[in-house]
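These notes concern the structure reproduced below.
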Amino acid sequence: MLRNALLYLSSQPRVFNFVRHNGMAKSFAGRFVAGETLDTALAAVKQLNAKGITASLDLLGESVHNEAEARESARHYIDILDRIRENGLDANVSVKLTAMGLDLSEDVCVANMQDILERAREYDTFVRLDMEGSDYTQKTLDLFYERLYPSFRGNVGIVLQSYLYRTQADVEQANTAGARVRICKGAYKEPGTVAFPDKKDVDEAYVRAMHCLMIDGHYPGIATHDEAIVRDAKQFARENSIANDRFEFQMLYGVRRDLQEQLVREGYRMRVYVPFGTQWYPYLMRRLAERPANMAFITGNVLKEMVGRRRQ
């Protein structure tokens with residue numbers, strides 16, 4: 001119930017307008033979001049690089065309302081790639097296709113992505129297409145395989161979500177194509193008709209997909225904070241003579257920093273997903289939904305401020 005409530009709140013703009021101006025809420029968000037500007041995000045990446053950790057930058061914000069907004073979003077990503085290059089940072093970018101205009105027109109979206117990928121190819125870097133809700137899964141994969149991947153094989157990859165029933169087949173398709181995959185569990189609210197409702201089943205599907213990617217995939221990103229799954233990945237790699245440079249672990253900014261640094265010390269590759277921007281509220285609420293215990297902190301402080309305002 002709490003998870004469903006948090007996912008509902010993530011889509012409520014009135015709540016966002018209040019939370020964004022709440023000092024304690026912004027302070028809490030700062031643990032999971034690297035500020036609202038590119039400068040703060042680049043500073044966070046620099047700190048991660050100093051610890052031997054690479055990064056993937058994501059400018060928060062999803063669906064746009066017109067072509068001008070979509071082009072502006074693409075321009076921002078090109079600027080991010082430029083700034084990463086200028087600062088000599090070890091980072092790539094993650095992009096949501098709805099931010100590139102997918103809801104407006106596939107052609108608009110493709111044109112914007114091609115501009116970004118041309119710059120990525122110029123810099124010999126990488127762009128990950130983030131996966132959104134299940135309504136976008138097939139659209140995203142069709143656009144990826146048919147219109148982007150053929151021209152930018154070395155510069156673009158996708159994300160697959162283990163909570164969807166279809167994902168094992170999607171993993172096998174990606175392996176056959178030689179496409180780079182980030183495997184995650186999934187953070188959107190999905191109906192039981194398309195996704196496993198029980199965590200146990202999601203975890204088991206994740207491990208199956210992970211094993212398949214580690215054996216037959218092309219440098220998969222193992223995106224998890226689950227220590228049991230991390231241990232399984234390490235053991236599976238040892239048992240199958242999979243070198244540490246054939247895959248990387250991926251985690252979210254501000255989550256399990258201790259485990260991130262431990263894996264680096266052990267000789268594994270680690271990449272941290274670094275979100276930033278003014279539209280951090282929906283992202284934060286999805287993170288809280290993944291771990292509802294975090295809600296106690298933010299709720300308590302927001303309520304205190306609201307009570308204080310009423311007393312003034």
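The values are calculated or read from the model by the stated rules, or taken from the named source; none is laboratory data. Predicted model only: the values in this text are computed from it and were never measured. Neighbour counts run over all protein chains shown; Cβ positions are idealised from the backbone, glycine included.
Out of the stretch 208-226, which residues are more than 19 Å from the chain's Cα centre (by Cα) and either in a helix (DSSP H, G or I) or surrounded by fewer than 19 Cβ atoms within 10 Å (Cβ to Cβ) (or both)?
Those that are more than 19 Å from the chain's Cα centre (by Cα) and either in a helix (DSSP H, G or I) or surrounded by fewer than 19 Cβ atoms within 10 Å (Cβ to Cβ) (or both): R208, H211, C212, M214, I215, D216.
What number of residues within the stretch 166-188 are within 28 Å of P282 (Cβ to Cβ) and not in a loop (DSSP other than H, G, I, E, B)?
Residues meeting the conditions: 8.
When you scan the stretch 119-132, do you find a residue that is part of a strand (DSSP E or B) and among the β-branched types (V, I, T), even just one?
yes
Could you list, in sequence order, all residues of the stretch 144-165 that are of a type in the set (D, E, K, R) and either buried (at least 16 other Cβ atoms within 10 Å of the Cβ) or assigned to a helix (DSSP H, G or I) (or both)?
Result: E146, R147.
Taking the condition of being of a type in the set (S, T, Y) and in contact with a Lys or Arg (Cβ under 8 Å, 6 or more places away or on another chain), how many residues in the stretch 146-177 meet it?
2
Within the stretch 78-97, take every residue that is more than 19 Å from A111 (Cβ to Cβ) and among the hydrophobic types (A, V, I, L, M, F, W, C) and give me the one that is nearest to the chain's Cα centre (by Cα).
Across the stretch 78-97, the extreme among qualifying residues is A91.
Out of all the residues in the stretch 192-211, which are more than 13 Å from I229 (Cα to Cα) and touching a residue at least 40 places away in the same chain (Cβ under 8 Å)?
V194, A195
Just for the stretch 227-243: of the residues that are assigned to a helix (DSSP H, G or I) and loosely packed, with under 15 Cβ neighbours inside 10 Å, which one is farthest from the chain's Cα centre (by Cα)? Break it down stepwise before answering.
Filtering the stretch 227-243 for residues assigned to a helix (DSSP H, G or I) gives 227-239.
Filter again for loosely packed, with under 15 Cβ neighbours inside 10 Å, leaving 227-228, 231, 235, 238-239.
Values: E227: 19, A228: 21, R231: 22, Q235: 25, R238: 27, E239: 29 Å.
Residue satisfying both the conditions and the ranking: E239.
Kindly check whether there is at least one residue in the stretch 59-77 that is more than 16 Å from the chain's Cα centre (by Cα), modelled with pLDDT of 90 or more and within 22 Å of Y253 (Cβ to Cβ).
Looking through the stretch 59-77, at least one residue is more than 16 Å from the chain's Cα centre (by Cα), modelled with pLDDT of 90 or more and within 22 Å of Y253 (Cβ to Cβ).
Please pick out the residue among P191, P197 that is under 21 Å from D103 (Cβ atoms) and not hydroxyl-bearing (S, T, Y).
Selected residue: P191, the only one of P191, P197 that is under 21 Å from D103 (Cβ atoms) and not hydroxyl-bearing (S, T, Y).
Among the numbered criteria (1) under 26 Å from D90 (Cα atoms); (2) out of contact with any strand residue (DSSP E or B) (no Cβ under 8 Å at 6 or more places or on another chain); (3) at pLDDT 95 or above, which single criterion is violated by R257?
(3)
Looking at the stretch 120-135, which of its residues are crowded, with 20+ Cβ neighbours inside 10 Å and not hydrophobic (A, V, I, L, M, F, W, C)?
Pass one, the stretch 120-135, residues crowded, with 20+ Cβ neighbours inside 10 Å: 120, 126-132, 134.
R128, D130, E132, S134, listed by residue number.
Quick one: which of K51, K139 is modelled with pLDDT of 95 or more, within 19 Å of V156 (Cα to Cα), surrounded by fewer than 21 Cβ atoms within 10 Å (Cβ to Cβ) and out of contact with any Gly (no Cβ under 9 Å at 6 or more places or on another chain)?
K139
For V33, all conditions in the list (1) at pLDDT 95 or above; (2) surrounded by 22 or more Cβ atoms within 10 Å (Cβ to Cβ) hold save one; what is the number of the exception?
Status for V33: all satisfied but (1).
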